[in-house]
Amino acid sequence: MITDDPGTPGNGKWENNFAIAFSHIPNEWSIETPQFDLNYGWGDHIQLNLQTAPTILKRSDHGPIGGLGETELAVKWRFVDEDRSGFDMSMYPRVIFNIFQSSVRRGIAEDGTRFQIPFQIAKTFGRWHVDGEGGPLASSVGRSEWLYGIVAGYDLGKPTMLMAELNGTSRINFTRETLTVNFGLRHAFDEHRILIVSMGHEIRSPAEPTALIGYFGMQLVY
């Protein structure tokens, strides 16, 4: 899902996601394939993260163009544990940048460097799991924004969870809001292989038309 949670892989463990992700508006497709989301547990409460993806952009008036999309580096610190305090809480500072400026010229990536400092909170209620996230997003190009999201998950059984999400961004004064509703499924084949799929749509955006988004990925834990 778009909203992050406070979970970390555990000391010395990897939690890597390989996926196909897309965004679609009329006359345009943007496809990240494969999307790399690599996570390493440095101790039980620290997670190191690297994300990037080759991206294909296809508009109806010309052929497909490709390049490397935005790259993200982040460190998550979970400083509250549910088993001790009744809930999990973390902070997840992140920097988002472009390795190749040509991706900006082609419309594959946004211009500038962005910085996020969101906080995450999560709590379990029996079969229900609720995660929330919020924090500032600053950019070297354009105005600063808030990012926020909430995810509710329900365990159908031990290996399968259904999820629903609201995720958004807005200006600091809460104008020009983009709001997305997203639905997903998480199914664990075993403790090392987990299928994650989601489909969503922007229901509010300052840029028309709103976008359809999707994600199909496999999480490998080892």
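With distances taken between every two different alpha-carbon atoms, segment 54-175 has a Kirkwood hydrodynamic radius of 17.0 Å.
Here is how the number arises for the chain: DSSP H runs of 4 or more residues each give -39500 (n - 2.57), the sum is divided by the residue count, and the result at 222 nm is -500 deg cm²/dmol.
Could you work out what % of the accessible surface of segment 1-114 is carbon and sulfur, using a 1.4 angstrom probe and leaving DNA, RNA and ligands out of the count? Roughly 56 percent, rounded to a whole number. Once the 1.4 Å probe is applied to the protein heavy atoms, the chain comes out at 54 Å² accessible per residue. With a cut-off of 15 Å between beta carbons, the residues surrounding Glu191 carry a summed charge of +2, where Lys and Arg count +1 and Asp and Glu -1.
Note that segment 161-210 carries a Kirkwood radius of 12.6 Å, evaluated over its alpha carbons pair by pair.
Computed from point charges on the beta carbon alone (+1 for Lys and Arg, -1 for Asp and Glu), the dipole magnitude for segment 39-119 about its Cα centre is near 400 Debye.
Ligands, DNA and RNA aside, Lys58 has an accessible area near 80 Å² when probed at 1.4 Å. Using a cut-off of 24 Å between alpha-carbon atoms, which lysines can reach Lys13, once sequence neighbours fewer than 8 places away in the same chain are excluded? Within reach: Lys76, Lys123, Lys158. Taking the inverse of the mean 1/r over every pair of distinct Cα atoms in segment 104-163 gives a Kirkwood hydrodynamic radius of 14.1 Å.
Averaging the sequence gap over all C-alpha pairs within less than 8 Å and six or more residues apart, then dividing by the number of residues, gives the chain a relative contact order of 18 percent. Note on the chain: semi-axes of the ellipsoid equivalent to its C-alpha gyration tensor, largest first and rounded to whole Å, are 28, 20, 19.
The values are calculated or read from the model by the stated rules, or taken from the named source; none is laboratory data. Computed from a predicted structure; not experimentally measured. Every residue, glycine as well, gets a Cβ built from its backbone with ideal geometry; the counts of neighbours run over all protein chains shown. Protein only, heavy atoms only, side chains kept; ligands, DNA and RNA dropped before computing areas. Shrake-Rupley method; radii C 1.70, N 1.55, O 1.52, S 1.80 Å.
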